[in-house]
Structure formats: C-alpha cells, structure tokens
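Take a look at the structure below.
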C-alpha cells in the first residue's frame with residue numbers, strides 16, 4: 001500500500017478518492033487545510049502527496065514550496081489536482097517541484113494511472129530534467145542547484161525559487177507582483193523586498209548576473225542567449 005496524503009478538496013471529492021484509491025493500493029489520509037496537511041507530512045511517512053491548489057488558508061504553490069524545502073518531505077512526489085488551468089499556474093507548480101498537474105474534470109481511471117506513474121520509481125509524469133546551460137550559468141532544477149563557471153552558487157531557497165519562476169517564463173516578463181505571489185505565497189512582503197531579493201540574486205550570480213534582466217517599470221525577465229525575447233508577460 002502507498003501511504004498517500006491528500007491535501008484539500010471538497011468532502012465529496014475526498015469521499016470519492018477514498019472509495020477508489022484503497023482498492024488500487026493507495027492508503028489515503030486527508031487534510032482539509034494546508035496547515036493540517038503540512039503538519040501531517042512533517043510527522044508522517046508518506047509515499048505520495050495529492051494536492052488541491054484551492055486551499056482555505058494558504059496557496060497551493062506555498063504548500064509545494066514548503067514540502068520541497070523540508071528535509072523530511074523534499075523527495076515526496078507531489079501530484080497537483082486542481083481547477084486552475086492557466087499556463088503560469090502549471091509552470092510555477094512544476095518549477096517548484098510538482099511531478100504532475102491534473103486539471104478537472106478528469107476520469108478516476110486517468111487519475112489512478114498518473115498516480116501510479118508518479119510513485120512507480122520508473123519515472124514520473126514529468127521527465128527528469130537534465131541540467132540546462134545558459135552561457136556561464138548552469139541550472140539543475142531536480143537538485144535545486146545553480147552553478148556559475150562550474151562552481152555552485154550558495155542560493156537561499158527563495159532565491160532559487162525566484163530563479164526557477166523567472167526561468168519558467170524565459171524571454172517573457174514577470175511582474176514584481178507575480179513574483180511576490182509565486183515565491184512568497186501568503187507571506188506578506190513588500191515589492192521592495194522582491195526588488196532587494198532579485199538584487200541579491202543577481203549579485204550572487206556574479207559574471208552570469210545578466211541572465212536576470214530588469215525591465216524598468218514592469219518587472220524582471222530571465223534572458224537566455226539562445227532565446228528570442230518576447231513581450232509575453234505574466235501578470
């Protein structure tokens with residue numbers, strides 16, 4: 001049996017999952033809120049997390065971030081199940097560490113198949129990413145590492161998240177407001193904090209600092225030498 005933590009969802013959805021998961025080898029535990037789910041994850045031993053992005057007390061992206069930052073849960077496969085179906089929602093979830101993103105409506109059969117893939121050990125719904133090189137900068141998203149001239153850069157978790165979210169919109173502009181929501185979630189910070197964090201990130205990148213470009217009056221952009229810059233913008 002795969003011990004499975006289900007965070008969020010309506011009562012009827014949880015009942016449906018309970019009925020269908022158990023006969024297929026999944027043993028679900030349910031949490032109605034983000035904080036309850038994070039507490040269960042911290043003290044439990046799970047093989048899978050199924051996460052609804054629409055939670056009453058915290059954003060789903062913040063839950064993904066906290067699970068991936070905690071030593072006890074950082075290797076847990078996270079499958080997002082949600083009604084949110086925008087490109088930026090999917091990008092942020094994947095860049096922060098989710099292995100699959102399933103949008104409603106979906107069939108129970110499809111859900112079960114994708115959950116099996118997520119825990120199979122033979123791969124995941126998202127193929128492992130090879131480190132990507134952009135001039136002097138190498139990004140290894142699976143290991144959450146950034147290297148400049150092959151030396152690892154000591155980034156904080158939030159600084160790496162900033163880099164990951166910007167990278168997810170390579171060539172497109174991310175507003176400061178979007179970065180605040182995607183990286184800090186429910187934590188109340190000012191836009192000046194966003195600017196200061198990007199400034200520190202660029203300083204740490206040293207000779208590769210120009211991969212993070214300031215777009216005055218709008219926000220920031222990840223600039224890759226082989227990427228055609230566009231006016232695409234994440235609000």
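Being part of a helix (DSSP H, G or I), outside the structural domain of residue 66 (by TED's automatic domain parsing) and buried (at least 18 other Cβ atoms within 10 Å of the Cβ): is that true of residue 158 here? Spelling it out, residue 158 is indeed part of a helix (DSSP H, G or I), outside the structural domain of residue 66 (by TED's automatic domain parsing) and buried (at least 18 other Cβ atoms within 10 Å of the Cβ).
Table: residues versus (1) over 18 Å from residue 80 (Cβ atoms); (2) touching a helix residue (DSSP H, G or I) at 6+ places or on another chain (Cβ under 9 Å); (3) surrounded by fewer than 18 Cβ atoms within 10 Å (Cβ to Cβ).
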site	(1), (2), (3)
2	no, yes, yes
11	yes, no, yes
26	no, yes, no
34	no, yes, no
45	yes, no, yes
49	no, yes, no
57	no, yes, yes
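Annotation: residue 180 fulfils all but one of (1) under 30 Å from residue 35 (Cα atoms); (2) surrounded by 14 or more Cβ atoms within 10 Å (Cβ to Cβ); (3) at pLDDT below 85; the unmet one is (3).
Scanning the range 147-161 for residues that are closer than 20 Å to residue 67 by Cα, touching a residue at least 24 places away in the same chain (Cβ under 8 Å) and over 15 Å from the mean Cα position of the chain (by Cα) yields one hit, 155.
Any chance the range 213-221 includes a residue that's on the phi > 0 side of the Ramachandran plot, part of a helix (DSSP H, G or I) and either at pLDDT 90 or above or in the same structural domain as residue 158 (by TED's automatic domain parsing) (or both)? Taking every residue of the range 213-221 in turn, none turns out to be on the phi > 0 side of the Ramachandran plot, part of a helix (DSSP H, G or I) and either at pLDDT 90 or above or in the same structural domain as residue 158 (by TED's automatic domain parsing) (or both).
Sort through 65, 133 and tell me the only one that's at pLDDT below 90, within 30 Å of residue 206 (Cβ to Cβ) and in a strand (DSSP E or B). It would help to see each step written out before you state the result.
Details: 65 fails: in a strand (DSSP E or B).
Just one listed residue meets the conditions, 133.
Looking at the structure I just gave you, is residue 125 within 27 Å of residue 13 (Cβ to Cβ), part of a loop (DSSP other than H, G, I, E, B) and at pLDDT 80 or above? When the stated conditions are applied, residue 125 does not pass them.
Residues are listed down the side, and each one gets a yes or a no for (1) outside any loop (DSSP other than H, G, I, E, B); (2) without any contact (Cβ under 8 Å) to a residue 24 or more places away in the chain; (3) under 20 Å from residue 100 (Cα atoms); (4) touching a strand residue (DSSP E or B) at 6+ places or on another chain (Cβ under 7 Å):
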{"position": "4", "(1), (2), (3), (4)": "yes, no, yes, yes"}
{"position": "21", "(1), (2), (3), (4)": "yes, no, yes, yes"}
{"position": "28", "(1), (2), (3), (4)": "yes, no, yes, yes"}
{"position": "35", "(1), (2), (3), (4)": "yes, yes, no, no"}
{"position": "38", "(1), (2), (3), (4)": "yes, no, yes, no"}
{"position": "45", "(1), (2), (3), (4)": "no, no, no, yes"}
{"position": "54", "(1), (2), (3), (4)": "no, no, yes, yes"}
{"position": "57", "(1), (2), (3), (4)": "no, no, no, no"}
{"position": "61", "(1), (2), (3), (4)": "yes, no, yes, no"}
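If I filter the range 183-200 for residues that are part of a helix (DSSP H, G or I) and closer than 26 Å to residue 49 by Cβ, do I get at least one hit? Within the range 183-200, one or more residues are part of a helix (DSSP H, G or I) and closer than 26 Å to residue 49 by Cβ. In this entry, residue 106 passes the filter for residues that are free of Cβ contacts under 8 Å to residues at least 40 places away in the same chain, more than 11 Å from the chain's Cα centre (by Cα), assigned to a loop (DSSP other than H, G, I, E, B) and surrounded by fewer than 22 Cβ atoms within 10 Å (Cβ to Cβ).
Among residues that are under 14 Å from the mean Cα position of the chain (by Cα), farther than 18 Å from residue 117 by Cβ and in a loop (DSSP other than H, G, I, E, B), residue 74 is included. Considering only residues that are farther than 26 Å from residue 182 by Cα and without any contact (Cβ under 8 Å) to a residue 40 or more places away in the chain, which ones fall in the range 6-16? Of everything in the range 6-16, those that are farther than 26 Å from residue 182 by Cα and without any contact (Cβ under 8 Å) to a residue 40 or more places away in the chain turn out to be 11, 12, 13, 14, 15.
The values are calculated or read from the model by the stated rules, or taken from the named source; none is laboratory data. Remember, predicted model here, so these are calculated numbers, not experimental data. A quick note on method: Cβ atoms are made from the backbone with ideal geometry, for glycine too, and the neighbour counts reach across all protein chains shown.
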